[in-house]
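Asks: For reference, the structure I am asking about is given below.
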Amino acid sequence: MMTATQKIPSGYKQTEIGVIPADWDVKKLGDIADINMGQSPDSKNYNLTGHGMPLIQGNADIKNRKSIERVWTTQITKICEVGDLIMTVRAPVGFIGVASENSCIGRGVCSFKAKGVEKNFLYHSLIFSENSWKVLEQGSTFTAANSNQIIGFELLVPSTTVEQSAISTVLSDSDSLIKKLERLIEKKRNIKQGAMQELLTGKRRLPGFSGKWEMKTLGEVVEFEHGRDLPKSDMSDEGIYKCIHYGQLFREYQELVGDIKSRTNSNAGRFYSKANDVLMPTSDVTPRGLATASCIKEDGVILGGGILVIRFNTGYDGLYFSYFISQNKSMILKFVKGSTVFHLYASDLANLEVNFPGPDEQIAIANVLSDMDTEIEKLESQLTKYQNIKQGMMQTLLTGKIRLLTK
């Protein structure tokens with residue numbers, strides 16, 4: 001909102017929701033779309049066999065901007081048609097998708113048919129407005145938006161469908177580029193998964209390797225250590241010493257610890273890494289969270305409490321072992337103990353059987369998989385860049401801050 005002393009730019013006007021192009025309007029959603037509120041069938045009519053009509057019930061059925069039908073119903077209540085826009089109206093409110101086929105919609109969603117506006121423009125405008133629904137959400141047990149709120153929701157709309165179409169075309173082109181990159185990343189991940197399955201089992205040997213593999217229990221080839229107390233309060237972005245908190249093993253580091261992301265100013269009584277150590281968390285609220293391993297290739301990094309440090313004897317590559325864990329999570333789960341909080345103990349993990357090729361082949365396998373990870377990470381970074389660019393384009397194009405030339 002502009003202050004009284006600020007001048008409205010030429011070609012723009014002041015409205016109650018801000019300064020917009022003079023030839024744009026503030027429209028209520030109910031005026032530019034026919035809205036169909038969902039109604040849930042009786043659950044006794046649900047099935048997973050494809051009998052009846054696909055049922056869209058909420059956020060779980062809207063993924064990657066398209067509907068994913070998982071449940072069918074023989075009781076048809078409210079219907080959305082293929083191509084209709086669909087939106088969640090419960091926890092969370094405002095998540096947008098497109099119906100991939102004629103479907104029954106439950107009360108967790110509503111559907112839209114555009115009227116008087118270009119459909120793809122409405123689609124992108126609703127995506128851009130997802131966060132705006134949070135101020136309208138109601139409910140104590142779960143959040144929800146009612147039909148009056150949806151009908152009265154305001155959007156900025158260019159006066160001509162030509163400009164609407166020009167904006168949606170640019171944003172759709174960005175979507176196509178993003179989706180193409182997402183498919184490529186998924187393909188690369190699948191290739192890596194296949195390579196892990198073959199290389200870590202010896203089904204496929206890298207050129208130049210033919211020696212026999214040796215089965216060892218982990219306790220035969222490592223020493224176990226433990227990190228020491230490192231509270232988050234001791235961590236600082238401007239700290240002197242590199243450090244790893246055990247919680248970072250779940251979300252920030254994969255098989256190879258790359259750049260150390262945290263620092264601390266306190267080094268008294270700390271435990272330090274040695275290059276080739278493998279780090280595993282010792283406790284989590286879910287058992288599968290413990291089936292993760294990260295190899296650090298750097299000496300002298302402070303390791304916090306809750307980290308099991310696996311220190312290999314000469315001739316064994318930690319990164320190879322980290323990839324082995326990623327491929328064989330079920331083997332780790334057999335050693336996990338607990339009910340509410342789950343734990344992984346060195347004394348149990350010592351019994352893990354690992355098939356090791358020779359030292360050079362371990363390193364070669366780890367390098368191949370690490371190179372694949374590097375390629376995937378570069379693509380993911382590129383994807384984030386494209387997503388941010390698109391978000392910026394939406395911010396300027398859908399508010400009229402930048403106008404596209406239309407003839």
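The values are calculated or read from the model by the stated rules, or taken from the named source; none is laboratory data. Fair warning: this is a prediction, and the values are worked out from it, not measured in the lab. Counting neighbours? That spans all protein chains shown, and the Cβs are built from the backbone with ideal geometry, glycine included.
Asks: Suppose we filter region 152-161 for residues that are farther than 14 Å from Pro21 by Cβ and either without any contact (Cβ under 8 Å) to a residue 24 or more places away in the chain or over 30 Å from the mean Cα position of the chain (by Cα) (or both); how many remain?
Replies: The qualifying residues number 2.
Asks: Can you find, within region 128-138, the residue that is modelled with the highest pLDDT among those that are surrounded by 12 or more Cβ atoms within 10 Å (Cβ to Cβ) and not in a helix (DSSP H, G or I)?
Replies: Among them, the one singled out is Ser129.
Asks: Residue pairs, Cβ under 8 Å, 6 or more apart or interchain, first in region 169-180 and outside the structural domain of Phe121 (by TED's automatic domain parsing) and among the hydrophobic types (A, V, I, L, M, F, W, C), second surrounded by fewer than 15 Cβ atoms within 10 Å (Cβ to Cβ) and not in a helix (DSSP H, G or I). List them.
Replies: Val170/Leu404
Asks: Let me ask something else about it. Take region 295-321 and flag every residue that is closer than 24 Å to Trp213 by Cβ and not aliphatic (A, V, I, L, M).
Replies: So the first thing to find is which residues in region 295-321 are closer than 24 Å to Trp213 by Cβ, and the list is 295, 297, 310-321.
Those that are closer than 24 Å to Trp213 by Cβ and not aliphatic (A, V, I, L, M): Cys295, Lys297, Arg311, Phe312, Asn313, Thr314, Gly315, Tyr316, Asp317, Gly318, Tyr320, Phe321.
Asks: Would you check if there is a residue in region 272-289 being out of contact with any strand residue (DSSP E or B) (no Cβ under 8 Å at 6 or more places or on another chain) and at negative phi?
Replies: At the first step, the residues of region 272-289 found to be out of contact with any strand residue (DSSP E or B) (no Cβ under 8 Å at 6 or more places or on another chain) are 288.
Pick out the ones that are also at negative phi and you get 288.
Within region 272-289 (the criterion being out of contact with any strand residue (DSSP E or B) (no Cβ under 8 Å at 6 or more places or on another chain) and at negative phi), the answer is yes, since at least one residue qualifies.
Asks: Out of the residues in region 354-398 meeting the condition of being charged (D, E, K, R) and buried (at least 17 other Cβ atoms within 10 Å of the Cβ), tell me which one is nearest to Leu177 (Cα to Cα). Don't jump to the end; show me each part of the working.
Replies: Of region 354-398, the ones charged (D, E, K, R) are 360-361, 371, 373, 375, 377-378, 380, 385, 390.
With buried (at least 17 other Cβ atoms within 10 Å of the Cβ) added as a condition, the list becomes 361, 373, 390.
Working: Glu361: 38, Asp373: 22, Lys390: 10 Å.
Result: Lys390.
Asks: Just a yes or no: is a residue in region 259-282 under 25 Å from the mean Cα position of the chain (by Cα), among the acidic types (Asp, Glu) and surrounded by fewer than 20 Cβ atoms within 10 Å (Cβ to Cβ)?
Replies: Quick first cut of region 259-282, residues under 25 Å from the mean Cα position of the chain (by Cα) only: 259-262, 279-282.
If we keep only those that are among the acidic types (Asp, Glu) too, we end up with 259.
With the extra rule that they be surrounded by fewer than 20 Cβ atoms within 10 Å (Cβ to Cβ), the set shrinks to 259.
Yes.
Asks: Taking the stated definitions as given, is Asn351 surrounded by fewer than 20 Cβ atoms within 10 Å (Cβ to Cβ), among the polar types (S, T, N, Q) and closer than 23 Å to Ser273 by Cα? Walk me through it before giving the result.
Replies: Numbers: surrounded by fewer than 20 Cβ atoms within 10 Å (Cβ to Cβ): yes; among the polar types (S, T, N, Q): yes; closer than 23 Å to Ser273 by Cα: no.
Considered against the rule, which asks whether it is surrounded by fewer than 20 Cβ atoms within 10 Å (Cβ to Cβ), among the polar types (S, T, N, Q) and closer than 23 Å to Ser273 by Cα, Asn351 comes out as no.
Asks: I need the full set of residues from region 14-25 which are surrounded by 14 or more Cβ atoms within 10 Å (Cβ to Cβ) and within 14 Å of Ser159 (Cβ to Cβ), in order please.
Replies: Across region 14-25, the qualifying residues are Thr15, Ile20, Pro21, Asp23, Trp24, Asp25.
Asks: Of the residues in region 233-251, how many are of a type outside the set (A, V, I, L, M, F, W, C), surrounded by fewer than 16 Cβ atoms within 10 Å (Cβ to Cβ) and closer than 30 Å to Tyr320 by Cα?
Replies: Going residue by residue through region 233-251, those that are of a type outside the set (A, V, I, L, M, F, W, C) are 233-234, 236-239, 241-242, 245-248, 251.
Adding the requirement that they be surrounded by fewer than 16 Cβ atoms within 10 Å (Cβ to Cβ) leaves 233, 236-238, 247, 251.
Within this subset, residues satisfying the condition of being closer than 30 Å to Tyr320 by Cα are 247, 251.
Of the residues in region 233-251, 2 are of a type outside the set (A, V, I, L, M, F, W, C), surrounded by fewer than 16 Cβ atoms within 10 Å (Cβ to Cβ) and closer than 30 Å to Tyr320 by Cα.
Asks: Inspect region 8-21 for any residue being closer than 27 Å to Val89 by Cα and either at pLDDT 90 or above or of a type in the set (A, V, I, L, M) (or both) and give the result as yes or no.
Replies: Keep residues of region 8-21 that are closer than 27 Å to Val89 by Cα, which gives 16-18.
From the residues that got through so far, the ones that are either at pLDDT 90 or above or of a type in the set (A, V, I, L, M) (or both) too are 17.
Yes, because at least one residue in region 8-21 is closer than 27 Å to Val89 by Cα and either at pLDDT 90 or above or of a type in the set (A, V, I, L, M) (or both).
Asks: Please determine whether any residue of region 179-190 is crowded, with 16+ Cβ neighbours inside 10 Å and in contact with a Lys or Arg (Cβ under 9 Å, 6 or more places away or on another chain).
Replies: No, region 179-190 contains no residue that is crowded, with 16+ Cβ neighbours inside 10 Å and in contact with a Lys or Arg (Cβ under 9 Å, 6 or more places away or on another chain).
Asks: Moving to a separate point now. Could you look through region 58-77, keep only residues that are in a loop (DSSP other than H, G, I, E, B) and modelled with pLDDT of 60 or more, and pick out the one that is surrounded by the most Cβ atoms within 10 Å (Cβ to Cβ)?
Replies: First pass over region 58-77, keeping only residues in a loop (DSSP other than H, G, I, E, B): 58, 64-65, 68-70, 74-77.
Okay, now just the ones that are also modelled with pLDDT of 60 or more, so 58, 70, 74-77.
Numbers: Gly58: 19, Arg70: 12, Thr74: 14, Gln75: 15, Ile76: 15, Thr77: 17.
Here the residue is Gly58.
Asks: Additional query: Applying the selection to region 78-120, what residues are hydroxyl-bearing (Ser, Thr, Tyr) and in a strand (DSSP E or B)? Lay out the reasoning, then the answer.
Replies: Restricting attention to region 78-120, the residues satisfying the condition of being hydroxyl-bearing (Ser, Thr, Tyr) are 88, 100, 103, 111.
Correct list: Thr88, Ser103, Ser111.
Asks: Among the numbered criteria (1) free of Cβ contacts under 8 Å to residues at least 60 places away in the same chain; (2) more than 22 Å from Pro92 (Cβ to Cβ); (3) in a helix (DSSP H, G or I), which one does Tyr123 miss?
Replies: With (1) free of Cβ contacts under 8 Å to residues at least 60 places away in the same chain; (2) more than 22 Å from Pro92 (Cβ to Cβ); (3) in a helix (DSSP H, G or I) applied to Tyr123, the lone miss is (2).
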